[in-house]
Ligand SMILES: *Cc1c(COP(=O)(O)O)cnc(C)c1O
């Protein structure tokens, strides 16, 4: 008999368990499933990035332990990309940290800034890692509701003073998963204002900064003056360059904050394989038409899906960013019952909004990361089943 830690026991149950079971059951009956569930780019990593890995993997000097904070070469490439993309100067030695995917950095952040029982504010609905990482660190997550009437931005003015005073970390994420909402600089300014006032570490997850449409450009938190004194920002090569399997991301921000996260990491992992970092350099410094191509593909899929959903009488706003269409479920449904209905009547898998937190109830998330033919098949099935 094994005794599991209270921390682990305290994690919310795996939210997709029931849907997964039903999907397996239907597959067993020979039903072909169209999966709008997972957010994992179906397009391959651009060839020039793969080629760089192939070459660098063959070099013995890349086979040894990498630098904990990331190679100087990778950190410089990040700083250069950041300057050209956001107009923000970074010190590659003190303000940039390589990550084994941004999830890794997000998951380790609470260990650097939360003592047992201390509070982190987490968006609800939100990427589940913020909450679970806080719980695993022994901290206490407090929900920041994201409401449709506020454009899915948390109302920071409404957070009570006592909550601010207890808070040590605030997680935000725009462009947002799962709601696909975007934020402008004035929202980040407000977040920085509160973070400075209450000495809260402001952690911005910018994993979707490059997945934007219709001329929208996502800002960086670090464009706000003074942001780096209280904040850091997580970036990922996963979605931008179709590199989810490679595990490469980075954190940028104030030197003290980056150093604290780095200190956790030196005690837990030993950095990113050098060959992968060099492939990341090729991604950041190489031609960016692959990113433009991704955007064009997702935009086309978005338009096709949104027009189909609307033709069925469902209420949906086309997202200006991210890989997701966040849709309110029809009257009389919960997110769970509607997910089940899509599955049973059309063989279509979506994620019930409630999987991302209690405020996700009443919504479902469609992902755009399935091949065009699959998406067409899914759209066709929806029209057949629900027209
Ligand atoms: C996909 C995703 C990430 C993580 O990506 P990595 O592959 O770990 O870099 C981080 N945040 C959000 C909101 C995501 O959707």
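Okay, here's what the table says:
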read-out	value
Within the range 160-179, tally of residues that are more than 16 Å from the ligand (Cβ to nearest atom) and crowded, with 18+ Cβ neighbours inside 10 Å	3
Subset of the range 190-217 (residues that are more than 12 Å from the ligand (Cβ to nearest atom), part of a loop (DSSP other than H, G, I, E, B) and surrounded by 15 or more Cβ atoms within 10 Å (Cβ to Cβ))	200, 210, 213
Residue 183 being buried (at least 17 other Cβ atoms within 10 Å of the Cβ), within 16 Å of the ligand (Cβ to nearest atom), without any contact (Cβ under 8 Å) to a residue 60 or more places away in the chain and in a loop (DSSP other than H, G, I, E, B)	yes
Elements of type helices (runs of 4 or more DSSP H) in the range 238-316, at least 3 residues being surrounded by fewer than 17 Cβ atoms within 10 Å (Cβ to Cβ) and modelled with pLDDT of 95 or more	255-266, 289-311
Residue among 57, 77 that is in contact (Cβ under 8 Å) with a residue 24 or more places away in the chain, surrounded by fewer than 18 Cβ atoms within 10 Å (Cβ to Cβ) and out of contact with any strand residue (DSSP E or B) (no Cβ under 7 Å at 6 or more places or on another chain)	57
Wholly enclosed helices (runs of 4 or more DSSP H) of the range 9-125 bearing at least 1 residues over 22 Å from the mean Cα position of the chain (by Cα) and closer than 17 Å to residue 251 by Cβ	72-86
Sole exception among (1) out of contact with any helix residue (DSSP H, G or I) (no Cβ under 7 Å at 6 or more places or on another chain); (2) without any contact (Cβ under 8 Å) to a residue 60 or more places away in the chain; (3) more than 19 Å from residue 199 (Cα to Cα); (4) more than 16 Å from the ligand (Cβ to nearest atom) for residue 115, by number	(3)
Selected residue (only one of 364, 349, 325 is crowded, with 23+ Cβ neighbours inside 10 Å and either at pLDDT below 95 or over 30 Å from residue 121 (Cα atoms) (or both))	349
Answer residue from the range 291-312, given it is under 20 Å from the mean Cα position of the chain (by Cα) and touching a residue at least 40 places away in the same chain (Cβ under 8 Å) and is farthest from residue 36 (Cα to Cα) among those	291
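The values are calculated or read from the model by the stated rules, or taken from the named source; none is laboratory data. The shown structure was predicted, so the numbers you read here are calculated from the model rather than taken from an experiment. Cβ sites come from the backbone with ideal geometry, for glycine too, and all protein chains shown count toward neighbours.
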